[in-house]
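Report on the following structure.
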Amino acid sequence: MGSNNSPTTKEYMNMDLLRFTTAGSVDDGKSTLIGRLLYDSKAIFEDQLEAIERTSEQMGDSYVNLALLTDGLRAEREQGITIDVAYRYFATPRRKFIISDTPGHIQYTRNMVTGASTANLAIILVDARNGVVEQTRRHAFIASLLQIKHLVLCVNKMDLVDYDEETYSKIRADFDEFSSKLEIRDIHFIPISALEGDNVVEKSENMHWYNGPTLLYTLETVHIGSDSNQVDCRFPVQRVIRPQSEKYHDFRGYAGRIESGIFKSGDEILALPSGFTTKIKSVETMDGKIEEAVPQMSVIITLEDEIDISRGDMLVRPMNQPQVGQDIELMVCWLNEKKLIMGGKYGLKHTTKDLRCIIKDVRYKVNINTLHRIEDDLSIGLNEIGRILIRTTTPLFYDSYKKNKATGSVILIDEFTNETVGAGMII
Amino acid sequence: MSSYQLTHLQQIESEAIFVMREVASQFEKPVLLFSGGKDSICMVRLAQKAFWPAKLPFTLMHIDTGHNFPETIEFRDKLAEKIKAKLIIASVQESIDKGRVAEEKGINASRNILQTTTLLDAIEEHQFDAAFGGARRDEEKARAKERFFSHRDEFGQWDPKNQRPELWNLFNGRKNHGEHFRVFPLSNWTEMDVWQYIAHEQLEIPTIYFSHKREVVMRNSMLLAKSDFIQLNGKENYEKKDIRFRTVGDMTCTGAVESNAGTLEEIIQEVASARITERGGRADDRRSETAMEDRKKEGYF
């Protein structure tokens, strides 16, 4: 990479953003890999490196323990484990990256689901000596369940198998066979040694049989432009803006973020739940009017007619409406030590809507190692995943999670402790 | 980049605006903690964008240690006036006078820790139920584990081992009476993002961020500015140097860097080639490996 790795201001303004999640345990060399990406892209600073060198020495480690970069909490350092999802940042002239680094041992599913919920890409690490193991399948299943579009399987520790092509090919074939059952279409395979640096940032001198790109190059170039849904217009209203000032006396705008689709002035829209239709008068921001508002933009929409709209309502196109209903089937990942209660009532958050729901049925539980359905034990506890039916107090305007992450996701909230206890993906 | 995809700066800007709008809608009485530093200056701009053309639906609050750089205080008052926001000043000196806290003693005495009491008292007094902070996850390792919506119990304490999972963009701000939230819209921003945003938005910042001549003293491998709050020991001397500050904290614990960067563009170049984190120059973080976590648990920013 060299010293000219820092983006110029002009490049900086054009960089896009890739959020990725890394799954695996310390033993897979995950921390070493992240450490190398951060170090080689100059995201680790001298004082940070010195601090972890000191701590490594105090803790009696014979090497600089890069895990200490992410394991920042006292309890994590004392116990030598990662407790929580840690976020890390680095940039190359092409892209900015946000890593959600999830722990391998404790609360595994809960943390990976959390980290994966906002990721464009998942890196799964496999130890070349062990090949595809149960944990690999579990990681891949969760990535698929969360509809992560891109997956990179890094076959790590190639140095410990003499950079053997056959070992790599066998792991690749094993994973290909398993992943055909999943819904991830874009899968990359890279033989690496995080410790030695082979194929992480620099191309390996030890594996001339591998003609593919390095990991960093893959992260920099994977095409995410077409991942967002630009077809189904969905605009959940966050807030009504009425300045009631002299200058903006009659201004009434609906603030929110475009979750999917393209919105522009003149478009005919339908407001849910009222069902009224009108046209978009303008799409506004403090920096000026927007010609075409695209997914992820936070904007204010003004309408031709004054109709009754408030927080939790949704603007859509009349010819492309979401489903509306109160009986919702979802896959739920349980995040709390208190088990899901059949017939129990929970708080529910969906887009900008706050409501309540009741658990009507548990259809089945998933064995996340074999992907088999469990139908004789329907109790869903911490870190377990199952399919449930809920009934909501008022109708939801929703899409399937597969079609639309923003309108297809919910969280369940314990009404007594206020904790977030379930992550739901609408089927 | 196609016009259908946002750049990374547009994405984190939009995310911060989304978070601010969520807070204004989910809470009854939010407040924006404003220090006059670069991060809180970005926060004010984002808040303006989030609620334009309406005014900010919350007040600003500064926890004033009494040891601030005069340039920062002057800037703070000017900005509040310019955007016509209400500014509350909660004073650490008052907390000391009331006997709520006691001043640290010794040559390295700092009011940094005392701020926590003043902050929590002010939150209680004004019945704020959410306080925006400009903290970023890239600043410090304990902050790397922070949520956007960070729960505080009735004692104002943070429980890092028992945080609510935060999925997608569904932010859970439910709480019991007496509890509050700290909200960090800049969670995903880096120091470089902040500087690029300041340049892009042409935001004004206090002069101490730019290179200037100042009398400083080297202590514990940090350059501290001359002020009434610092006592020299026998061997120490002030020296005049070309310096600037990378963060704006108390004069007693914020280290300067030697620099000739006099423009934003030069600062950006300096940040790009910097090999030390911005908080590397903060004595408050250096007290122990987990100094930040320990203070945050008690209710610090």
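Any read-out appearing in this document is the output of simple, stated calculations on the displayed coordinates, not a laboratory observation. Everything numeric here is computed off the predicted structure, so don't read it as measured data. Positions of Cβ are backbone-derived with ideal geometry, glycine not excepted, and every protein chain shown enters the neighbour counts.
With loop defined by DSSP as not H, G, I, E or B, and exposure as at most 10 other Cβ atoms within 10 Å, which is the longest segment of chain A clear of exposed chymotrypsin sites (Phe, Trp or Tyr not before Pro)?
Within chain A, the longest run free of exposed chymotrypsin sites (Phe, Trp or Tyr not before Pro) spans A:64-415.
Give me the Debye-computed log₁₀ of I(q)/I(0) at q = 0.14, 0.18, 0.19 Å⁻¹ for region B:12-152, equal point scatterers on Cα only, no solvent, two decimals.
One equal scatterer on each Cα of region B:12-152 leads to -0.71, -1.16, -1.28.
Explain nothing, just the number: relative contact order of region A:323-426, from Cα pairs under 8 Å at least 6 residues apart, as a whole percent.
So the answer I get is 38 percent.
At a threshold of 8 angstrom on Cα-Cα distance, excluding pairs fewer than six apart, so keeping six or more, what relative contact order does chain B reach in percent?
20
With 10 angstrom as the radius, rank B:V23, B:V194 by how many other C-beta atoms surround their C-beta, starting from the fewest.
By the 10 Å Cβ count, ascending, the order reads B:V194, B:V23.
Let a ≥ b ≥ c be the square roots of the eigenvalues of the Cα gyration tensor of region A:9-221; is it rounded (a/c under 1.5), or, if not, prolate (a/b larger than b/c) or oblate?
It comes out rounded by the Cα gyration axes.
For chain A, what does -39500 (n - 2.57) per DSSP helix run (n ≥ 4), summed and divided by total residues, give at 222 nm, in deg cm²/dmol to the nearest 500?
Roughly -5500 deg cm²/dmol at 222 nm, from the helical runs in chain A.
Helix A:46-58 against the longest principal axis of chain A: what's the angle in degrees, Cα atoms only, rounded to the nearest 10?
With rounding to tens, the tilt is 60 degrees.
Name the trypsin sites (Lys or Arg not before Pro) in region B:97-202 that are in a loop by DSSP and that have at most 14 other C-beta atoms within 10 Å, would you?
B:K98, B:R100, B:K105
Does region B:206-285 classify as rounded, prolate or oblate by the C-alpha gyration tensor (a ≥ b ≥ c root eigenvalues; a/c under 1.5 gives rounded; else a/b over b/c gives prolate, otherwise oblate)?
The shape class here is prolate.
Over chain A, what relative contact order in percent results from Cα pairs under 8 Å that are six or more residues apart?
11
Return the equivalent ellipsoid semi-axes of chain A as a descending list in whole Å, where each equals the square root of 5 times an eigenvalue of the C-alpha gyration tensor.
The three semi-axes for chain A are 41, 28, 21 Å.
How big is the protein assembly as shown along each principal axis, measuring the range of its Cα positions in Å and listing the largest first?
That works out to 76, 71, 47 Å along the principal axes.
Under the rule that an exposed site lies in a DSSP loop and has at most 10 other Cβ atoms within 10 Å, name the longest stretch of chain A with no trypsin sites (Lys or Arg not before Pro) of that kind, not counting the sites themselves.
The answer is A:1-184.
Compute the acute angle (0 to 90°) between the alpha-carbon long axis of helix A:30-40 and the principal axis of greatest extent of the alpha-carbon atoms of chain A; round to the nearest 10°.
So the inclination is approximately 90 degrees.
Taking each pair of distinct Cα atoms in region B:80-155 once, what is the resulting Kirkwood hydrodynamic radius in Å?
Result for region B:80-155, one decimal place: 15.0 Å.
Where in region A:319-391 are there GluC sites (Glu not before Pro) that are in a DSSP coil and have at most 16 other Cβ atoms within 10 angstrom of their Cβ?
Those that pass, being in a loop and sparsely packed, are A:E337, A:E375.
If each residue's Cβ is checked for other Cβ atoms within 10 Å, how do A:E284, B:E265 rank with the fewest at the top?
Least to most surrounded, the residues fall as B:E265, A:E284.
Taking other Cβ within 10 Å of each residue's Cβ, how do B:I96, A:I341 sort, fewest first?
The most exposed by this proxy come first: A:I341, B:I96.
By its C-alpha gyration tensor, with a ≥ b ≥ c as the square roots of the eigenvalues, how is region A:210-269 shaped: rounded for a/c under 1.5, else prolate for a/b larger than b/c, else oblate?
prolate
Give me the one-decimal Kirkwood hydrodynamic radius in Å for chain B, with the sum taken over alpha-carbon pairs.
Taking the inverse mean of 1/r over all distinct Cα pairs, chain B comes out at 20.0 Å.
Which of the GluC sites (Glu not before Pro) found in region B:39-108 are in a DSSP loop and have at most 11 neighbouring Cβ atoms, other than their own, within 10 Å?
Hits after loop and neighbour filter: B:E103.
Please determine, in degrees from 0 to 90 and to the nearest 10, the orientation of helix A:134-145 with respect to the longest principal axis defined by the Cα atoms of chain A, where the helix direction is its Cα long axis.
20
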